[in-house]
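First comes the structure, then the notes that go with it.
The values are calculated or read from the model by the stated rules, or taken from the named source; none is laboratory data. All of these numbers come straight from a predicted model, not from anything done at the bench. Because the Cβ atoms are built from the backbone with ideal geometry, glycine has one as well, and the counts that use them run over all protein chains shown.
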Amino acid sequence: MTTLVFGHKSPDTDSTGSPLIWAWYLNEVKGVDAKAVLLGEPNTEAAFVIEKWGFEKPEIISEVSEGQPVVIVDTNNPAELPDAINSADITAIIDHHKLVGGLETKGPIDITIRPLACTATIMHDLMGDDAAKMPDNIKGAMLSCILSDTLEFRSPTTTDVDKALAEKLASELNINLGQYASEMFEAKSDISAFSDAELIRMDSKEYEVEGTKFRVSVLETTAPKLVLDRKASIMESFKTVEAEDGVDQVLLFVVDILNEEATFFTPNDLCKTVAEKSFGATVTGDSVVLPGIMSRKKQIIPNLKL
């Protein structure tokens, strides 16, 4: 049976590129029949990367059947995976997030979770000498994942390993790293085709603090004004997303990549409490700027308090 390789729901570039990379490795190097799939529509940056490097968009699935062999990448959180994930045959997990718990496997499996900025970086290391066999499109996907997850090395999650690999891949591909990153971020910043609810869900994760369920949403952009101009309608849409997704509160952070800061929307007392207790912010209106806040994984979720 074909092994399905996928990342989390609301797939960003790492959760789109890493399944493509690992499916290539399983098929071409390990001789395992594998297929990259997605758990949702890729965001605009990920869609740009797919087209840039000549991939076909992977099939989008919402369910997995009992006993289906799967490799999970870029997450280990059951809330970000199909409801029936524990009935599948999980054969491996490759991730760079904290261990959440809740996944069950049919037997012993390979699990690799490392404190690097990007899943694709981990994959390069796991391939060992076989990484030299990567064709240009796989190298391009790997480079794109690293640039996306590190925000071109601006994110505090960036490690020397991620940066060195990105520079090596860019050199091998004869690509100007900064110019390519700008093209990616420009694609990510184009939000014109998305509804407010789609923007809220585009790059979001569920997280619970003291019994309160949050949808923690991040919009990384080089053009924050495009999002901030829609602030009122986006905040109004919080209520719809909360009701439909069964969460208590949406927390939305608009990350300004170039100025290295985040604007946090604070439409109510709960959000204002989060801003004050989590980030030491003083809130006077319906949003607050948080200097230096770039990473949901390292700076936002670990600091959430009520």
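Based on this model, can you work out whether F238 counts as over 25 Å from T150 (Cβ atoms) and crowded, with 19+ Cβ neighbours inside 10 Å?
Yes: the conditions hold for F238.
Quick one: which helices (runs of 4 or more DSSP H) sit completely within region 126-234 and have at least 2 residues that are outside the structural domain of E80 (by TED's automatic domain parsing) and within 17 Å of Q249 (Cα to Cα)?
The qualifying helices (runs of 4 or more DSSP H) are 196-202.
Considering region 24-47 alone, what residues qualify as being part of a helix (DSSP H, G or I) and of a type outside the set (A, V, I, L, M)?
Residues satisfying the conditions are W24, Y25, N27, E28, T44, E45.
Which one of the conditions (1) buried (at least 22 other Cβ atoms within 10 Å of the Cβ); (2) touching a helix residue (DSSP H, G or I) at 6+ places or on another chain (Cβ under 6 Å) does R114 fail to meet, given that it meets all the rest?
Every listed condition holds for R114 apart from (1).
Does A34 qualify as being crowded, with 20+ Cβ neighbours inside 10 Å and more than 19 Å from the chain's Cα centre (by Cα)?
Judged against the criteria, A34 is a match.
Looking at (1) within 21 Å of the chain's Cα centre (by Cα); (2) charged (D, E, K, R); (3) surrounded by fewer than 17 Cβ atoms within 10 Å (Cβ to Cβ), which is the one condition that is false for R215?
R215 satisfies all of (1) within 21 Å of the chain's Cα centre (by Cα); (2) charged (D, E, K, R); (3) surrounded by fewer than 17 Cβ atoms within 10 Å (Cβ to Cβ) except (3).
Is there a residue in region 68-79 that is assigned by TED's automatic domain parsing to the domain that holds A181, outside any helix (DSSP H, G or I) and farther than 27 Å from V216 by Cβ?
So in region 68-79, the residues assigned by TED's automatic domain parsing to the domain that holds A181 come out as 68-79.
Among the residues that remain, those that are also outside any helix (DSSP H, G or I) are: 68-77.
If we keep only those that are farther than 27 Å from V216 by Cβ too, we end up with 68-69.
There is at least one residue in region 68-79 that is assigned by TED's automatic domain parsing to the domain that holds A181, outside any helix (DSSP H, G or I) and farther than 27 Å from V216 by Cβ.
Give the number of residues within region 195-221 that are of a type outside the set (A, V, I, L, M) and touching a residue at least 60 places away in the same chain (Cβ under 8 Å).
10
Please work out which residue is farthest from A79 (Cα to Cα), limiting yourself to region 262-278 and to residues that are assigned to a helix (DSSP H, G or I) and of a type in the set (A, V, I, L, M).
Within region 262-278, the match that is farthest from A79 (Cα to Cα) is A275.
Tell me, yes or no, whether region 113-120 has at least one residue that is part of a helix (DSSP H, G or I), within 19 Å of A36 (Cα to Cα) and of a type outside the set (F, W, Y).
Checked against the condition, which is being part of a helix (DSSP H, G or I), within 19 Å of A36 (Cα to Cα) and of a type outside the set (F, W, Y), region 113-120 yields at least one hit.
Looking at (1) over 22 Å from S189 (Cα atoms); (2) under 22 Å from the mean Cα position of the chain (by Cα), find the lone condition where K297 falls short.
K297 satisfies all of (1) over 22 Å from S189 (Cα atoms); (2) under 22 Å from the mean Cα position of the chain (by Cα) except (1).
Looking at I109, I93, I85, can you tell me which residue is in contact with a strand residue (DSSP E or B) (Cβ under 9 Å, 6 or more places away or on another chain), modelled with pLDDT of 95 or more, within 20 Å of G17 (Cα to Cα) and hydrophobic (A, V, I, L, M, F, W, C)?
Details: I109 fails: within 20 Å of G17 (Cα to Cα); I85 fails: within 20 Å of G17 (Cα to Cα).
The match here is I93.
Just name the residue that is farthest from I300 (Cα to Cα) out of those in region 240-261 that are β-branched (V, I, T) and part of a helix (DSSP H, G or I).
Of everything passing the filter in region 240-261, T240 is farthest from I300 (Cα to Cα).
Test of understanding: among T266, T240, T284, which residue is of a type in the set (S, T, N, Q), at pLDDT below 95 and at negative phi? Quick ask: steps written out before the conclusion?
Values: T266 fails: at pLDDT below 95; T240 fails: at pLDDT below 95.
Just one listed residue meets the conditions, T284.
Kindly indicate which of I93, I21, I50 is outside any loop (DSSP other than H, G, I, E, B), within 25 Å of T157 (Cα to Cα) and in contact (Cβ under 8 Å) with a residue 60 or more places away in the chain.
Unique residue meeting the criteria: I21.
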